[in-house]
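Worksheet: one structure, shown below.
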Ligand code: NAD
């Protein structure tokens with residue numbers, strides 16, 4: 001029998017994707033730190049002042065280092081900056097909660113979006129998982145757990161989600177491929193497919209309120225999930241309680257992804 005308790009005391013988590021109190025990654029920080037983890041945050045430079053405001057709400061030893069995954073040097077500089085502050089420290093947990101697509105990717109018919117915004121969305125929202133782990137490999141502790149955030153539009157059409165659907169499909173493929181390469185060394189990589197939650201990133205998706213309303217009426221739990229629902233699953237995936245789970249997409253969506261015909265179809 002393996003361990004059956006949530007053991008995260010003294011573990012170190014690299015968390016990418018905190019931009020505000022509403023960020024899913026912020027809830028994951030809260031949950032991981034209450035389970036005993038040390039936090040090392042990689043923040044996008046444009047959110048520096050918000051991160052500094054949030055810092056007092058996180059454990060005293062929380063570190064913050066800038067990172068822009070759209071710039072390769074910035075990824076290696078993140079690791080240099082962390083290692084300069086904590087030489088030799090290893091990461092037991094990596095949270096990748098990064099997503100972005102340029103505005104025109106939402107405003108235009110997807111068929112007519114140019115290559116540049118497509119490249120940007122895929123680089124930031126999908127390939128950055130590979131870039132972060134590639135540079136981070138020498139700093140991973142044995143049996144590390146990486147968790148990324150995805151959305152069910154990766155496999156089924158959602159109006160207005162457009163280019164992000166393609167980025168999420170690529171991200172989920174990266175999860176499987178990286179998990180296959182790192183698994184023999186004992187490292188795990190999984191994705192959480194979250195239901196819709198009001199955050200900064202979500203506010204850029206046209207018609208988001210309508211999606212929230214639809215999911216609330218039609219998911220088996222008859223409610224939307226919140227950041228803490230996702231953080232609970234992430235903390236489980238980060239812990240030895242999930243030691244046999246890798247290369248998976250775990251749905252935290254009130255069961256919505258299990259449905260096909262909406263409950264309110266005849267109303
Ligand atoms: P958020 O806006 O709080 O987080 C998005 C994060 O991505 C921000 O912290 C931002 O700084 C970061 N980011 C964007 N471009 C970056 C770059 N170039 N370099 C470094 N960081 C960059 O919103 P969120 O909803 O918490 O999003 C977190 C993840 O969850 C995203 O991958 C999102 O697609 C995913 N997700 C969100 C929902 C939802 O409904 N909110 C549902 C499913 C999945």
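The values are calculated or read from the model by the stated rules, or taken from the named source; none is laboratory data. All values derive from a computational prediction rather than experimental measurement. With ideal geometry, Cβ positions are generated from the backbone for all residues, glycine too; neighbour counts draw on all protein chains shown.
Before moving on, here are some points about what is shown:
- Residue check, residue 161 within 16 Å of the ligand (Cβ to nearest atom), modelled with pLDDT under 95 and crowded, with 22+ Cβ neighbours inside 10 Å: yes
- Per-region count, segment 207-224, residues in a loop (DSSP other than H, G, I, E, B) and in contact with a helix residue (DSSP H, G or I) (Cβ under 9 Å, 6 or more places away or on another chain): 6
- Matching residues, segment 109-158, being assigned to a loop (DSSP other than H, G, I, E, B), out of contact with any helix residue (DSSP H, G or I) (no Cβ under 8 Å at 6 or more places or on another chain) and either in contact (Cβ under 8 Å) with a residue 60 or more places away in the chain or within 16 Å of the ligand (Cβ to nearest atom) (or both): 156
- Residue list for segment 171-206, filter: assigned to a loop (DSSP other than H, G, I, E, B) and farther than 23 Å from residue 19 by Cα: 186, 187
- Residues in segment 225-267 that are assigned to a loop (DSSP other than H, G, I, E, B), in contact with a strand residue (DSSP E or B) (Cβ under 9 Å, 6 or more places away or on another chain) and surrounded by 19 or more Cβ atoms within 10 Å (Cβ to Cβ): 225, 239, 246, 253.
- Among the criteria (1) surrounded by 20 or more Cβ atoms within 10 Å (Cβ to Cβ); (2) in contact with a strand residue (DSSP E or B) (Cβ under 7 Å, 6 or more places away or on another chain), the one residue 196 does not fulfil is (2).
- Residue pairs whose Cβ atoms lie under 7 Å apart, separated by 6 or more positions or on different chains, with the first residue in segment 36-52 and closer than 9 Å to residue 16 by Cα and the second more than 8 Å from the ligand (Cβ to nearest atom) and assigned to a loop (DSSP other than H, G, I, E, B), are 41/62.
- Criterion (closer than 25 Å to residue 193 by Cβ, within 13 Å of the ligand (Cβ to nearest atom) and part of a loop (DSSP other than H, G, I, E, B)) met by exactly one of 19, 25: 19
- Flag if residue 7 is more than 20 Å from the chain's Cα centre (by Cα), closer than 19 Å to residue 187 by Cα and away from the ligand (no atom under 16 Å from the Cβ): yes
- Any pair with Cβ under 8 angstrom, 6 or more apart, that starts in segment 63-77 at a residue that is in contact (Cβ under 8 Å) with a residue 12 or more places away in the chain and closer than 10 Å to residue 42 by Cα and ends at one that is part of a loop (DSSP other than H, G, I, E, B) and more than 9 Å from the ligand (Cβ to nearest atom): 63/86
- Residue match in segment 46-64 (condition: within 18 Å of residue 129 (Cα to Cα) and within 13 Å of the ligand (Cβ to nearest atom)): no
- Qualifying residue in segment 92-108 (condition: out of contact with any helix residue (DSSP H, G or I) (no Cβ under 7 Å at 6 or more places or on another chain), in a loop (DSSP other than H, G, I, E, B) and either surrounded by fewer than 21 Cβ atoms within 10 Å (Cβ to Cβ) or modelled with pLDDT of 95 or more (or both)): yes
- Selection from segment 65-91 of residues that are part of a loop (DSSP other than H, G, I, E, B) and either under 24 Å from residue 186 (Cα atoms) or more than 11 Å from the ligand (Cβ to nearest atom) (or both): 86, 87, 88, 89, 90
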